[in-house]
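What follows draws every value from the coordinates through simple rules; no lab data is involved. What you see is a predicted model; the values in this text were computed from it and never measured. Here the Cβ positions follow ideal geometry from the backbone for every residue, glycine too, while neighbour counts run over all protein chains shown.
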Amino acid sequence: MQSFRLRFALVLVAFVVLALMGGLGYVVLEDWSLKDGLYMAVITLTAVGYGEVHPLTDTGRSFTIGLLAAGITWMGIWFAMITSFLVELDLRQVLRSRSRMKQLEKISDHVVVCGCGRTGMQVIEELDAMKAKWVVIERDPARIHALELRFPDGLVIEGEATQDETLLQAGLERARGLIACLSADADNLFVCLSARSLKPGMTIVARAYEEETTDKFLRAGADHVVSPNVSGALRMASMLVRPSVVSFLDVATRSSGMDLRIEQAAILEGSSLDGKTLEEAAIPQATGLIVIAVKRAAGTTAHGFTFNPSAALRLNHGDELIVLGTPDQISKLRAYIAGRSDYL
């Protein structure tokens, strides 16, 4: 686009220069006024040719022939530039679409977001802030345009999230989870049913406008159901009763500056921390993080959360650490768990 603007400006400057030279040529050669000379130059350059303003001498006619040749050349360059711009624009869109399709075919461990309205946009901003991969399904071109302006490199599919082929196009079979935040509960319910049948083991989060539909969402396959009315009411009450707690959680989970975050990190089988106690793992010393809680692996006798864990607590694969710290410290923890040296 920048190169086109430069070329456009150069072509316009070339036309102005030719018109001025032509006008001055008629003034000098034919002794016309500058107004008549400029008019004659413009109609000659643009090949309009209404007629001679005044009778021309042989010298004037020769000059007009040269000016006409220059005008035809200029118009050829002008139309070529416009054609080139349209072709480049179309080609750019095709290449961009093809690049996105290739990315969609390769992407994995991402989150599929159905709908990018007000709630969906907030979800995407949070996922992007956490460096999580995401794919959006939206049917409204205006919302897609707004999303592309906000996230130029985002992966967006224009289509119906309630259709199985659209979900599969978004890489649902390789996704880590799905968030259904369409404008209607019925649509979100249908998305949950489709996603659960296409990938039974994935995590599904759905938004429910009506509180009484929560049970239906759970039966349809949603793992978690969020009701804006309920969560909004709880937040309003909490801000009045325990404002400091709410402020702390805002900083730790929603801070726009990303200075402090509450995050989770799983202990994988074969990890350097598998089988070690918290004291032996020395996570605060290695990363600077604070371990708030440990979620024990499903199927164990101690399944559930252990808050403020003691130094003697032994970690096993499948456990998840709930930690508080900066994004850099959290990255160090994941490298530390994987046994990489880049946490140092």
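Worth a mention:
- Chymotrypsin sites (Phe, Trp or Tyr not before Pro) restricted to DSSP loop in segment 130-232 with at most 11 other C-beta within 10 Å: none
- Alpha-carbon centroids, segment 143-210 and segment 1-63: separation in whole Å: 60
- Mean Cβ neighbour count within 10 Å, used as a protection proxy, ranking 17-26, 195-204 highest first: 17-26, 195-204
- In this label model, Lys106 and Glu279 are separated by 4.8 nm, measuring between points 7 Å along each Cα→Cβ vector.
- Compactness of segment 2-102, taken as the C-alpha radius of gyration over 2.2 N^0.38 Å, stands at 1.49.
- With a cut-off of 13 Å between beta carbons, the residues surrounding Met202 carry a summed charge of +1, where Lys and Arg count +1 and Asp and Glu -1.
- The calculated FRET efficiency for the pair Val13 and Tyr50, based on their C-beta separation and a Förster distance of 30 Å, comes to about 0.75.
- Between Leu198 and Ala335, the FRET efficiency estimated from the beta carbon spacing at R0 = 35 angstrom works out to 0.55.
- Structure note, pairs Lys102/Lys216; Lys133/Lys332; Lys102/Lys199; Lys131/Lys199; Lys216/Lys332: Cα-Cα distances above 30 angstrom occur for Lys102/Lys216; Lys216/Lys332.
- The modelled label-to-label distance for the pair Leu24/Asp128, using points 7 Å beyond Cα in the direction of Cβ, is 5.2 nm.
- Value of D in µm² per second that Stokes-Einstein yields for the chain, Kirkwood Rh from Cα pairs, at 25 °C (0.890 mPa s): 95
- Structure-based [θ]222 nm, the chain - -39500 (n - 2.57) summed over DSSP H runs of at least 4, per residue, nearest 500: -17500 deg cm²/dmol
- Between Ser244 and Thr73, the FRET efficiency from the beta-carbon distance, with R0 = 56 Å, is close to 0.15.
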